[in-house]
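**Student:** Below is one structure. I have some questions about it.
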Amino acid sequence: MARKLWATRGLAALATGAMAVSLAACGGGGAGGGAGGGDGAGDGEAGGLVGVAMPTQTYERWIADGDAVKTGLEDAGYDVDLQFAGDDIPTQQQQIDAMINKGAEALIIASIDGTALGSQLEAAAAADIPVISYDRLIRDSENVDFYVTFDNYEVGVQQGTSLLTGLGILDENGEEAADAPEGPFNIELFAGSPDDNNAGFFFDGAMSVLQPYIDDKTLVVPSKQVDFDTVAIQRWEQERAQKRMEDLLTATYTKGDVTVDGVLAPADVISRGIITALKNSGYGKGDLATPIVTGQDAEASSAKLIVDGDQYSTIFKDTRLLAEQAVTAATAFLEGNEPEANDTETYDNGVKVVPSYLLPTVIVTKDNLQAELVDSGYLTEDEVASGQVDE
């Protein structure tokens, strides 16, 4: 029963996710009811500097996030210092130090390592600068004032559910498929970067769905690599993911009677590394069927892979709404108010439970990609066709 309920919960996003996103976009939620919703915040008279620290420009989603937050803050009347740290921790520390020294009145931080900003947060607190943790929870500090993110555990549930759906174990309603093909199915597991607090939520959510099927031998992990620390990919690097998949194929799948049926991948960038390794090993050609590979972030390059049949699914996290909520929270703080949280229990950073605002997510496959990503304006048809975001 628990197995079916978890799966149903994840698949329900296919039917209701678009509505939830639409309601969030229209209603705004959170403090002030939307970016620039407070007195004078949207009329160009608010003034003040807001520092926005993003982890990298390597992945298209972080560029989009940074640009969206910057635009929203500027539209709300604030000056913005937007910095990307190139996935280098000392660089991000220096950038945040500089923002504080410049007189930033609020900080929005998507951390590289959620445990590495203690001295910067202490300096911010000493200067009465509110800190908003953006998508990645900053850990081990009491000086984190608010957290804007998606329901990260549910993202993992959706990833596990979409893997089961792609394998034909579940149908579109989350029920065990009456005509499910005979198992067992060989799968491999990947997780995100161990220094990103979200990675554990993604993995735990996915395993809540997959573990019952592993226990009853419907799913088999031939490598026997099933714990988070073993399957995690440091810094979410595509090259590391490709190398690990290549090593798995060499060590476990050299015999012709053992083939990969599916891979739990926690993000599109990791999916692409996995898919490259699989295709280089002959999957998708001849008798080697294309495995079911999951993902997250709805990046244009992976949207193309979904259309082409190389990747089965991604999780659409509408970063436009995330950026809007970050601006909403910053505006509330700068007007002397507290941002509205819709979760005050889940996100314990090791020192405190950080008040949070969680946004909805949607499973995207080839069947609903047009409706969710293109018709919503998140990607253009040309971007999906080319696999590249237009400059």
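The values are calculated or read from the model by the stated rules, or taken from the named source; none is laboratory data. In this text the structure is predicted, and so the values were computed from the model without any measurement. When we count neighbours, we look across all protein chains shown, and the Cβ atoms used for this are built from the backbone with ideal geometry, even at glycine. Remember, those area values only see protein heavy atoms, side chains included, never the ligands or the DNA or RNA. Shrake-Rupley method; radii C 1.70, N 1.55, O 1.52, S 1.80 Å.
**Student:** Only residues that are in a helix (DSSP H, G or I) and closer than 19 Å to SER133 by Cβ: list them for the range 80-93, please.
**Tutor:** ILE89, THR91, GLN92, GLN93, listed by residue number.
**Student:** So which residues in the range 170-179 are open to solvent by 40 Å² or more (accessible area, probe 1.4 Å) and of a type in the set (A, V, I, L, M), if there are any at all?
**Tutor:** ALA178
**Student:** Out of all the residues in the range 213-239, which are assigned to a helix (DSSP H, G or I) and open to solvent by less than 40 Å² (accessible area, probe 1.4 Å)? Write out each step before concluding.
**Tutor:** Quick first cut of the range 213-239, residues assigned to a helix (DSSP H, G or I) only: 213-215, 228-231, 234-236, 238-239.
Once the filter is applied, which keeps residues that are assigned to a helix (DSSP H, G or I) and open to solvent by less than 40 Å² (accessible area, probe 1.4 Å), the range 213-239 yields TYR213, ILE214, VAL231, TRP236.
**Student:** Would you check which residues across the range 142-152 are touching a Leu at 6+ places or on another chain (Cβ under 9 Å) and open to solvent by less than 10 Å² (accessible area, probe 1.4 Å) and list them?
**Tutor:** If the condition is that a residue be touching a Leu at 6+ places or on another chain (Cβ under 9 Å) and open to solvent by less than 10 Å² (accessible area, probe 1.4 Å), then VAL144, TYR147, VAL148, THR149, PHE150, ASN152 are the ones that fit.
**Student:** Answer yes or no as to whether ILE138 is of a type in the set (Val, Ile, Thr), touching a helix residue (DSSP H, G or I) at 6+ places or on another chain (Cβ under 6 Å), under 18 Å from GLY200 (Cβ atoms) and in contact (Cβ under 8 Å) with a residue 40 or more places away in the chain.
**Tutor:** Working: of a type in the set (Val, Ile, Thr): yes; touching a helix residue (DSSP H, G or I) at 6+ places or on another chain (Cβ under 6 Å): no; under 18 Å from GLY200 (Cβ atoms): yes; in contact (Cβ under 8 Å) with a residue 40 or more places away in the chain: yes.
Against the criterion (of a type in the set (Val, Ile, Thr), touching a helix residue (DSSP H, G or I) at 6+ places or on another chain (Cβ under 6 Å), under 18 Å from GLY200 (Cβ atoms) and in contact (Cβ under 8 Å) with a residue 40 or more places away in the chain), ILE138 does not qualify.
**Student:** Collect the residues in the range 179-198 that are part of a loop (DSSP other than H, G, I, E, B) and either within 21 Å of ARG244 (Cα to Cα) or touching a residue at least 40 places away in the same chain (Cβ under 8 Å) (or both), keeping them in residue-number order.
**Tutor:** Here is the first cut: in the range 179-198, the ones part of a loop (DSSP other than H, G, I, E, B) are 179-184, 190, 192-196.
Those that are part of a loop (DSSP other than H, G, I, E, B) and either within 21 Å of ARG244 (Cα to Cα) or touching a residue at least 40 places away in the same chain (Cβ under 8 Å) (or both): PHE190, GLY192, SER193, PRO194, ASP195, ASP196.
**Student:** Turning to a different aspect of this structure: So VAL155 passes all but one of these: (1) surrounded by 16 or more Cβ atoms within 10 Å (Cβ to Cβ); (2) part of a loop (DSSP other than H, G, I, E, B). Which condition number does it fail?
**Tutor:** (2)
**Student:** Can you tell which of THR250, THR276, THR254 is of a type in the set (S, T, N, Q) and at pLDDT below 95? Walk me through it before giving the result.
**Tutor:** On the way: THR250 fails: at pLDDT below 95; THR276 fails: at pLDDT below 95.
Residue meeting the stated conditions: THR254.
**Student:** Please work out which residue is farthest from ASP348 (Cα to Cα), limiting yourself to the range 203-212 and to residues that are touching a residue at least 24 places away in the same chain (Cβ under 8 Å) and open to solvent by 10 Å² or more (accessible area, probe 1.4 Å).
**Tutor:** So in the range 203-212, the residues touching a residue at least 24 places away in the same chain (Cβ under 8 Å) come out as 203-210, 212.
In the following step, the residues that additionally are open to solvent by 10 Å² or more (accessible area, probe 1.4 Å) were identified as 203-204, 207-208, 212.
Details: PHE203: 17, ASP204: 16, MET207: 21, SER208: 20, PRO212: 27 Å.
The qualifying residue farthest from ASP348 (Cα to Cα) is PRO212.
**Student:** With the requirement that a residue be in contact with a Ser or Thr (Cβ under 8 Å, 6 or more places away or on another chain) and either more than 26 Å from GLY183 (Cα to Cα) or open to solvent by less than 10 Å² (accessible area, probe 1.4 Å) (or both), what does the range 158-168 give you?
**Tutor:** GLN158, GLN159, GLY160, SER162, LEU163
**Student:** Within the range 43-79, restricting attention to residues that are open to solvent by 50 Å² or more (accessible area, probe 1.4 Å), on the phi < 0 side of the Ramachandran plot and part of a loop (DSSP other than H, G, I, E, B), which residue is modelled with the lowest pLDDT?
**Tutor:** Among them, the one singled out is ASP43.
**Student:** Specify the residue that is nearest to LEU167 (Cα to Cα); the eligible residues are those in the range 320-340 that are open to solvent by less than 10 Å² (accessible area, probe 1.4 Å) and either among the hydrophobic types (A, V, I, L, M, F, W, C) or under 17 Å from the mean Cα position of the chain (by Cα) (or both).
**Tutor:** Just the residues of the range 320-340 that are open to solvent by less than 10 Å² (accessible area, probe 1.4 Å), to begin with: 322-323, 325-332.
If we keep only those that are either among the hydrophobic types (A, V, I, L, M, F, W, C) or under 17 Å from the mean Cα position of the chain (by Cα) (or both) as well, we get 322-323, 325-327, 329-330, 332.
Working: LEU322: 31, ALA323: 34, GLN325: 36, ALA326: 37, VAL327: 40, ALA329: 41, ALA330: 43, ALA332: 46 Å.
So, considering only residues that are open to solvent by less than 10 Å² (accessible area, probe 1.4 Å) and either among the hydrophobic types (A, V, I, L, M, F, W, C) or under 17 Å from the mean Cα position of the chain (by Cα) (or both), the one nearest to LEU167 (Cα to Cα) is LEU322.
**Student:** Having 1 or more residues that are polar (S, T, N, Q) is the bar; report the strands (runs of 3 or more DSSP E) wholly within the range 262-376 that clear it. Quick ask: steps written out before the conclusion?
**Tutor:** Numbers: elements: 262-264, 314-316, 356-359, 362-364.
Of the strands (runs of 3 or more DSSP E) lying wholly inside the range 262-376, those with at least 1 residues that are polar (S, T, N, Q) span 314-316, 356-359.
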